[in-house]
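Structure first, commentary second.
The values are calculated or read from the model by the stated rules, or taken from the named source; none is laboratory data. Quick caveat, the model's predicted, so the values are computed rather than measured. Virtual Cβ from ideal backbone geometry, glycine too; neighbours counted across all protein chains shown.
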Amino acid sequence: MMQVSNYSSVIQRNPTESERLPFLASSRNALFRLGYSTLGRNCLSILIYHSVLDAPDFMRPGVPTAEQFRWEMQLLRDNFNMLPLSQAIRLMREGRLPPRAACVTFDDGYADNLKVATPIMKQLDIPATFFIATGFLDGGRMWNDTVIEGLRHCPDRHLDLSALNLPVYEVNTPADRVNTAYDIISKIKYLDEGLRNEIAAAIGSISKDMSGDLMLTRDQVRELRQSGMEIGGHTVNHPILARLSAARSREEILSGKEDLESIIQERLGLFAYPNGRYGADYSKEHVEYVREAGFDAAVTTNGGVSEKSTNLYELPRFTPWDRTASRFLLRMTLNARHRG
Ligand SMILES: [Zn+2]
């Protein structure tokens, strides 16, 4: 699921900095290359995205728009060697990574990944890997999106959720709606899966106008693959694995793999842990289950970069959200201080 982030700050960035101040852009790039080649030698940066919106959405302030995403992809293309994840992993193992190697990945399986993000990446010749939770394909919706959509359409009022062990909220302004949605999400995220889904459904039932096309269809997953993008496993129901029994964890990991393999008619080699933080979301035994299920490698959301000695089943990922090119590149460089 989408992490609540400070992405809204990106809206104020200055996309024409390099056009107006070419000397700044070239010194910026030189500084970046110097810093990154010291800290980031022989390493792989893997970026994580979820949704990319065709237009700004007040209920999703943490999600990049197409315009922001294009700006970031151009910056990556101009400063990094962008590789498909499976190829980057192979080169890393062989000690043959090009300098400033980076990969783009997407989690969950939002329909906008195909409609909005993929055309931009195809134009810029940037490959990507899409980690898809199969339980939401063809009209499904993740519980956090149900909460967001419920609040979007909630009539102005006191929203008394005390029966669900949640606060009484005042929902009148757009800011109230967004703050309430993310407050509820943070409060129920780590509850028992059944209870959490029940609460989300109750909040979702406030709205009679829930969109059914938020996530990809099976046909669209095939289309993504046919367009040259990579597909990876992300379980069926996107559970917090650390909260499940061993049997259910294995089942989620394996069934998600089998579902996707039957959709794209191809063996699946890559996996992303739902939510992806070591300790909170998965632990050592889940790393074993992913290996047992027959995956070749897996990615987390623990920050940092990968190098030859990194465990292939715990490759770190991050996203360097920032408003200017210099700060975006600085974040990429600082992230390279942390080896996975
Ligand atoms: Zn996810």
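Couple of notes before you dig in:
- Qualifying residue in segment 184-193 (condition: surrounded by fewer than 18 Cβ atoms within 10 Å (Cβ to Cβ), among the basic types (Lys, Arg) and closer than 19 Å to residue 275 by Cα): yes
- Meets criteria (in contact (Cβ under 8 Å) with a residue 24 or more places away in the chain, over 17 Å from residue 134 (Cβ atoms) and surrounded by 19 or more Cβ atoms within 10 Å (Cβ to Cβ)) for residue 232: no
- Qualifying residue in segment 126-139 (condition: over 16 Å from residue 220 (Cβ atoms) and outside the structural domain of residue 197 (by TED's automatic domain parsing)): yes
- Test: residue 95 is of a type outside the set (A, V, I, L, M) and surrounded by 21 or more Cβ atoms within 10 Å (Cβ to Cβ): no
- Tally, over segment 112-132, of residues that are among the small types (Gly, Ala, Ser) and in contact with a strand residue (DSSP E or B) (Cβ under 6 Å, 6 or more places away or on another chain): 1
- Any hit, segment 287-305, residues being under 18 Å from residue 87 (Cβ atoms), in contact with a Cys (Cβ under 7 Å, 6 or more places away or on another chain) and either in the same structural domain as residue 243 (by TED's automatic domain parsing) or buried (at least 23 other Cβ atoms within 10 Å of the Cβ) (or both): yes
- From 310, 333, residue being more than 16 Å from the ligand (Cβ to nearest atom), part of a loop (DSSP other than H, G, I, E, B) and out of contact with any Ser or Thr (no Cβ under 6 Å at 6 or more places or on another chain): 310
- Taken over segment 263-285, the criterion of being within 11 Å of the ligand (Cβ to nearest atom) and in a loop (DSSP other than H, G, I, E, B) is satisfied by 273, 274, 275, 276, 281.
- Residue 137 more than 15 Å from the ligand (Cβ to nearest atom) and among the aliphatic types (A, V, I, L, M): no
- The residues of segment 171-181 that are free of Cβ contacts under 8 Å to residues at least 24 places away in the same chain and either under 11 Å from residue 143 (Cβ atoms) or not in a loop (DSSP other than H, G, I, E, B) (or both), listed by number, are 171, 175, 176, 179.
- Tally of residues being touching a residue at least 40 places away in the same chain (Cβ under 8 Å) and away from the ligand (no atom under 16 Å from the Cβ) across segment 96-110: 6
- Among the residues making up segment 122-159, those that are farther than 26 Å from residue 263 by Cβ and in contact with a Leu (Cβ under 9 Å, 6 or more places away or on another chain) are 124, 151, 159.
- Residue count for segment 142-187, restricted to those that are under 19 Å from residue 214 (Cβ atoms), of a type outside the set (Ser, Thr, Tyr) and touching a helix residue (DSSP H, G or I) at 6+ places or on another chain (Cβ under 7 Å): 14
Per-residue answers, yes or no, for (1) within 16 Å of the ligand (Cβ to nearest atom); (2) at pLDDT below 95; (3) within 30 Å of residue 86 (Cβ to Cβ); (4) assigned to a loop (DSSP other than H, G, I, E, B):
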| site | (1), (2), (3), (4) |
| --- | --- |
| 141 | yes, yes, yes, yes |
| 151 | no, yes, no, no |
| 183 | no, no, no, no |
| 190 | yes, yes, no, yes |
| 198 | no, yes, no, no |
| 203 | no, yes, no, no |
| 209 | no, yes, no, yes |
| 213 | no, yes, yes, yes |
| 221 | yes, no, yes, no |
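- For segment 223-259, the candidate set comprises residues that are assigned to a helix (DSSP H, G or I) and among the small types (Gly, Ala, Ser); within that set, the residue that is nearest to the ligand (Cβ to nearest atom) is 256.
- Among (1) within 22 Å of residue 220 (Cβ to Cβ); (2) assigned by TED's automatic domain parsing to the domain that holds residue 258 - the single one residue 97 does not satisfy: (1)
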